[in-house]
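Colleague: Here it is: the structure, laid out below.
We did not get these values from a lab; they are worked out from the coordinates using the rules stated. Just so you know, these numbers come straight off a predicted model, no measurement behind them.
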Amino acid sequence: MMPDLGKYAGVVLSSYVVALGLIVALVAVSIWRARRVKAALEQVEKRSKRDG
Amino acid sequence: MSLWEYANPVKFIRTTDMVLPWISVLAVLCLVTGLIWGFFFTPEDYRQGSTVKIIYLHVPSALMAINAWMMMLVASIIWIVRRHHVSALAARAAAPVGAVMTLIALATGALWGQPMWGTWWAWDPRLTSFLILFLFYLGYIALWSAIEDDDTAADLSSILCLVGSVFAVLSRYAVNFWNQGLHQGASLSLDKEENVADVFYFPLLVCIAGFVLLFVALVFLRTQTEIRARRTRALIAREQRG
Amino acid sequence: MRALLARDLRLAVRAGGGFGLGLSFFLIVTVLVPFGVGPETALLTRIAPGILWIGALLACLLSLDRILALDWEDGTLDLLATAPLPMEGIVSVKALAHWITTGLPLVLAAPVLGVLLNLAPGGYLWVLVSLAVGTPALSVIGTFGAALTIGLKRGGLLLSLLVLPLYVPTLIFGAEVARRGAEELDVATPLMLLAGISFGAVALLPFASAAVLRINLR
C-alpha cells in the first residue's frame, strides 16, 4: 500500500504532516470560533427580544 | 439582481449558509482525491526522487498565499469605495487563512529544499519574498486585532493593505535585484512548454482546485463569524446604553 | 507650514531627546556588532555598509512614535486638523521635522561610525550618499506607521511590526549602494532605484498618512 519513498521518506512525510496539520488546525479554529460566536449572538438576541 | 446584494449581511449569511456545505464537501473531495492521487499513484521524478510529491502541497499553498492577498486587496478597495461592511470583514477573515497558506508554502519549501539544495533556507528571491509576505500578513492581522472600534479598524487596515501591496511588489523586485535564486521558474503557465510533466500535472490541478475551494469555504465561514461577532458587539453595546 | 516646522524643530531641540537618543542608539548598535561577530577587521570591513544601514534604520524606527504621539496626547493634532492647512501638508511637515532631527544627524554620523567598523576607504562617500537619499523615505514611511498606530495604547511594538516590512525595499537598495560603493563597483543602478523609492514615497505616502490621520481623528 505505502509507496516506497526511498531515502527522502522523512522529508516527504514530514512536509505532508506539517501542511495537513496546519490546515486541520486552521479549519478547527475557524469552526470552533464560528460555533462560539454563533451561540453568543443567539444568546444576546434572545435576551434583547425578551427585554424589548 | 446584482453582486452588490450580497453586501447585505443577512443576505450574505443566508446565501453562504446555502452554498457552504457544498463547497466544503467539494473541497474535501478535491483535496483527498488530489493528494491521494499525488501521493500514492504518481511516479518518482528521475532527478528529485520522491520529494516531487511535495509539489502537491507546495504549489497550491503558494498560489493561495498570493491570491488571498489579492482578494484582501480587492475587498479593501471595495470597502474604501463603497463601504460595504461585508467586504471589510471578508478581508479580515481572509488574512489568517492567507498567513497559514504562506506558512505552509514556506515550511514545505524548506523541507523540499533540504535534500534538493542541501539547505533548509536560502536567501533566494522567491523564498525571501514569501517571508516578507508573511510579515505583511502578521502586521495586517495585528493591526486589525489592536483597534477596538470596528469601522476605524476596517478603514485603517484597508489602507494598510493598499500601501502594503505596493511595498510588497516593490520588495519582490528589490529582492530579485538583490540576489539571484536557486528556485526554479514558473512550473505552471499556459504558454510555456517547460511545465511539469502530465503525470504530475493533473493531480496537481486537482489539488489546486481543492485549495481554492478550501480557501473559499474558510473565507465564507470566517466572514459569517465576523459578521455575527460584530452584531453581538453592537447588541451588547445597545444593551449597556439603555 | 513654516511655523509648524519651526515649532516642531524647536520642541525637538528643547526636549533634547530627538537628536541625542537616535544618535546614541546608532552608536551603541555599531559598538555592539563587533562584540557579536568578533573583532576581525576583514570581516568588519565586509559587513560595515550593511551594519551602518541597519543601525540607521533601527535608530530611525526608535524615534517614530514621537512624530505624532505627543501632539496627539495634548490635543495639538485636533487643533491642527481644524486649521486651514491640508492634512497632507501637516503630515509632510511632521515627516520633514523627523528627518531633520533624526535622519540628518544619522547621515552625518554614519561615516564617523564607519571608522569604528573599519569601512573600506571608498565606502565613506557612498554610505553618506545612500543614507542621505534613503532616510527621507524612512521618515515618510515611518510617519505613515505612526499615523496608523496613533490611537493605540501599546502602539510601539505594533508600529515596528507594521513599519519594518515596509522598510525592506529601501534597506535593500540603500545597503546595496553602500556595499557596491565600498567595493568600488558601479553604484548607478541601485542608487537610481533608491532615489526612485524615496521620491515615490515622499510624493505619495503623505496622502495615505493624511487619510489615516483623518480616520483616527474622527
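Colleague: Checking the cross-link filter: which lysines have an alpha carbon closer than 26 Å to that of residue A:49, excluding same-chain neighbours under 8 positions apart?
Modeller: Within reach: A:38, B:11.
Colleague: Mean Kyte-Doolittle of at least -0.5 and a Cα length of 27 Å or more along the axis: which whole DSSP H helices of chain C meet both?
Modeller: C:17-37, C:41-62, C:123-148, C:155-182, C:188-217
Colleague: Shifting gears a bit: Reachable lysines from residue C:94, Cα under 22 Å, same-chain residues fewer than 8 places away excluded?
Modeller: Cα-Cα hits under 22 Å: C:153.
Colleague: From the convex hull of the Cα coordinates of the stretch C:2-217, what is the mean projected area in square nanometres?
Modeller: 11.5 nm²
Colleague: Below 8 Å, C-alpha to C-alpha, sequence gap of six or more: please give me the relative contact order for chain B in percent.
Modeller: Once normalised by length, the contact order is 33 percent.
Colleague: Here's another thing I want to ask about it. Give the cross-link partners of residue B:53 among the lysines, using a straight C-alpha distance below 18 Å as the criterion and excluding same-chain residues fewer than 8 apart.
Modeller: A:7
Colleague: While we're here: Considering just Cα atoms, how many Å³ per residue does the convex hull of the stretch C:61-119 enclose?
Modeller: Expressed per residue, the convex hull around the Cα atoms of the stretch C:61-119 is 82 Å³.
Colleague: Quick check on the protein assembly as shown: take the gyration tensor over C-alpha atoms, sort the square-rooted eigenvalues as a ≥ b ≥ c, and tell me if it's rounded (a/c under 1.5), prolate or oblate.
Modeller: Oblate, since a/c reaches 1.5 and b/c is not below a/b.
Colleague: Hey, another quick one. Quick one: give the max-minus-min coordinate of the C-alpha atoms of chain B along each principal axis, largest first, in Å.
Modeller: 71, 41, 31
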